[in-house]
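First up is the structure itself, then whatever we jot down about it.
The values are calculated or read from the model by the stated rules, or taken from the named source; none is laboratory data. Since the structure is predicted, the reported quantities are computational estimates derived from the model, not experimental observations. All Cβ positions, even for glycine, are placed from backbone atoms using ideal geometry, and neighbour counts span all protein chains on display. When the accessible area is computed, the model is the full protein with side chains, heavy atoms only, and any ligands, DNA or RNA have been set aside. Shrake-Rupley method; radii C 1.70, N 1.55, O 1.52, S 1.80 Å.
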Amino acid sequence: MTIVWSKVLPVLVSIGIIIAVAIIKEYSRTVAAVLATMPINMPLALWVIYGDGADLPAFARFTEDLFYKIWPTIVFLIIAVLVTRAGWRLLPTLLAGYAGWAVALGILIVLRPS
């Protein structure tokens with residue numbers, strides 16, 4: 001069996017970042033937050049899409065789709081900030097954040113089908 005590094009390496013990088021955040025948070029929550037919010041998944045997805053031989057117009061459409069699909073994630077974060085300030089614990093925060101994310105994504109899909 002041949003390992004396809006263009007598929008495996010992005011996963012390994014993601015795992016490495018998660019481990020780094022877990023370790024670094026003990027020393028600096030600011031640096032951990034920077035690592036956690038770095039644009040990692042998007043470049044990795046771009047790498048995978050480009051590596052699969054997408055033509056340039058398809059690649060450009062994918063990058064545009066990433067731009068529009070980031071807004072539900074921002075909704076997730078806004079909700080998370082608001083409910084944690086209100087004293088909510090982790091599980092309700094995640095559930096509320098994902099509910100808002102799903103609604104925002106649904107709205108995007110209806111307004112701008114890909």
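Here the calculated FRET efficiency for Arg112 and Leu9, from their Cβ-Cβ distance with R0 = 35 Å, stands at 0.65, rounded to the nearest 0.05.
Taking all protein chains in place and a 1.4 Å probe, what share, in percent, of the accessible surface of the chain do carbon and sulfur account for? Carbon with sulfur: 74 percent of the solvent-accessible area. The 3J(HN,Hα) values that the Karplus relation (6.51, -1.76, 1.60; θ = phi - 60°) gives for region 9-26 are, in residue order, 4, x, 5, 5, 4, 4, 4, x, 5, 4, 5, 4, 4, 4, 7, 5, 4, 5 Hz. Gly and Pro appear as x. Between Val81 and Asp52, full extension at 0.36 nm per residue minus the direct alpha carbon distance yields a gain of 6.7 nm. Shown in residue order for region 62-73 are the 3J(HN,Hα) couplings computed by the Karplus curve 6.51 cos²θ - 1.76 cosθ + 1.60 at θ = phi - 60°: 5, 5, 5, 5, 4, 4, 6, 7, 6, 4, x, 5 Hz (x for Gly and Pro). Only helical runs count toward this figure. For the chain, summing -39,500 (n - 2.57) over DSSP H runs of n ≥ 4 and dividing by all residues gives -26000 deg cm²/dmol at 222 nm. Once the Cα-Cα distance is subtracted from the 0.36 nm per residue extended length, the Met38 to Thr63 segment shows a gain of 7.3 nm.
How large is the direction-averaged shadow of the alpha-carbon convex hull of the chain, in nm²? Please list the in-between numbers first.
Details: hull surface 38.1 nm².
So the mean shadow area of the Cα hull is 9.5 nm².
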